Amino acid sequence: MKILENKVAIVTGAGSGIGRAIALLYAAEGAKVVVSDIAEKGGLETVSQIKAAGGQAIFVKADTSSPEDNKNLVDQTVKEYGGLHIAVNNAGIGGPLGPTGDYPIDGWKKVIDINLSGVFYGMHYQIQAMLASGGGSIINMASILGMTGTKGSPAYVAAKHGVVGLTKAAALEYATSNIRVNSIGPGYILTPLVTNALDEATLKALVGLHPVGRLGKSEEVAELALFLGSDKASFITGSYYNVDGGYLAQ
């Protein structure tokens, strides 16, 4: 039996990168997957890949910074598959770069709206559906920058620290309701978010920050998300797990 057999999962930001890798792996392990992204083309491509491999999936377009979109995403999930057992709040942006004193106010608002408020909005409606389904597992995508700082990304660092704290608070609130809440902190992963934003010299410099001598792969993050979403992690809640090639060990 596949380890996510008879489970229903939402994965946000699943049109590319880490989100797509998680959606594909969840489907391969038996979950019915609701692929969500603001980018319809990428989301539909993920659904097509899942179906081509024999899995079950639908696409629901959603902007995670919108409470209404988050509600609709959960409502459509329950309508289509009858419940909700796993949610991966993965959607996020890097945002502009610059020191705090010069950081654009609109850039700050956008990063916080998507990377932090979006996780709260998602959990707000996901938890209600999970309670009705008898419990579940929520995985919030934080970052190594949820545990440490870096120059030039004050909004991103603040948002990801917030995700780690929000995860702990919700985990404590629903620990007796059979809902587990954990966060993952990837290092620098070879995703469009990284490769499209940085030049070759910067990417090479980032490699040097990881003791294993390379950047991570989306599939490596997906394996941890699979474990945390499964019943194998039944005694794990309120935790933060880094997948970072040794970055935070330094």
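In sequence order, region 44-56 has phi-based couplings of 5, 5, 5, 4, 4, 5, 5, 5, 5, 8, x, x, 10 Hz under the Karplus curve 6.51 cos²θ - 1.76 cosθ + 1.60, θ = phi - 60°, and Gly or Pro positions carry x.
To the nearest 20 debye, what charge dipole does region 8-242 have about its Cα centre, counting +1 at the Cβ of each Lys and Arg and -1 at the Cβ of each Asp and Glu? Intermediate values should be presented prior to the final figure.
Working: 17 positive and 19 negative charges, 60 e Å.
So the magnitude is around 280 debye.
Taking Cα atoms only, the orientation of helix 118-133 departs from the longest principal axis of the chain by about 20 degrees. Please check: in the Gaussian network model of the chain (C-alpha springs, under 10 Å), which one of 106, 75, 63 has the largest mean-square fluctuation. In the Gaussian network model the winner is 106.
Normalising the average separation of contacting C-alpha pairs (under 8 angstrom, six or more residues apart) by the number of residues puts the relative contact order of region 131-172 at 37 percent. Principal-axis analysis of the Cα atoms of the chain puts helix 218-229 at an angle of about 40° to the longest axis. Excluding same-chain neighbours fewer than eight residues apart, the aspartates and glutamates reachable from residue 32 by a Cα-Cα span under 14 Å are 5, 80.
Over the residues of the chain, the helix contribution to mean residue ellipticity at 222 nm works out to -13500 deg cm²/dmol, using -39500 (n - 2.57) for each DSSP H run of at least 4.
Straight-distance candidates among the lysines for linking to residue 160, with alpha-carbon spacing under 16 Å and chain neighbours fewer than 8 residues away dropped: 109, 110, 151, 168.
Here the 3J(HN,Hα) profile of region 15-23, calculated from phi with Karplus coefficients 6.51, -1.76 and 1.60 at θ = phi - 60°, is x, 6, x, 4, x, 4, 4, 5, 4 Hz, Gly and Pro shown as x. Centre-to-centre, using Cα atoms only, region 189-230 and region 92-159 are separated by 18 Å. Near residue 36: Cβ cut-off under 11 Å, other residues only, Lys/Arg at +1 and Asp/Glu at -1. The net charge is -3.
The alpha-carbon atoms of region 1-134, seen along their principal axes, cover 54, 31, 22 angstrom, with the largest extent given first. Dimensions of the chain from C-alpha coordinates, computed as largest minus smallest value along each principal axis and given longest first, are 47, 35, 35 Å. Seen against the Cα atoms of the chain and their longest principal axis, helix 154-173 is set at about 30 degrees.
Let a ≥ b ≥ c be the square roots of the eigenvalues of the Cα gyration tensor of region 124-250; is it rounded (a/c under 1.5), or, if not, prolate (a/b larger than b/c) or oblate? Here region 124-250 falls in the prolate category. When only Cα pairs below 8 angstrom with a gap of at least 6 residues are kept, the chain shows a relative contact order of 19 percent. Each residue of region 29-36 was assigned a 3J(HN,Hα) from its phi angle through the Karplus curve 6.51 cos²θ - 1.76 cosθ + 1.60 (θ = phi - 60°); the sequence is 9, x, 6, 8, 10, 9, 7, 10 Hz, with glycine and proline shown as x. Near residue 241, the amide H atoms lying under 5 Å from its own belong to 183, 184, 185; only residues 5 or more places off or on other chains count, and H is placed 1.01 Å from N.
No value in this document is a laboratory result; all are computed from the given coordinates. Source: prediction; values computed, not measured. With ideal geometry, Cβ positions are generated from the backbone for all residues, glycine too; neighbour counts draw on all protein chains shown.
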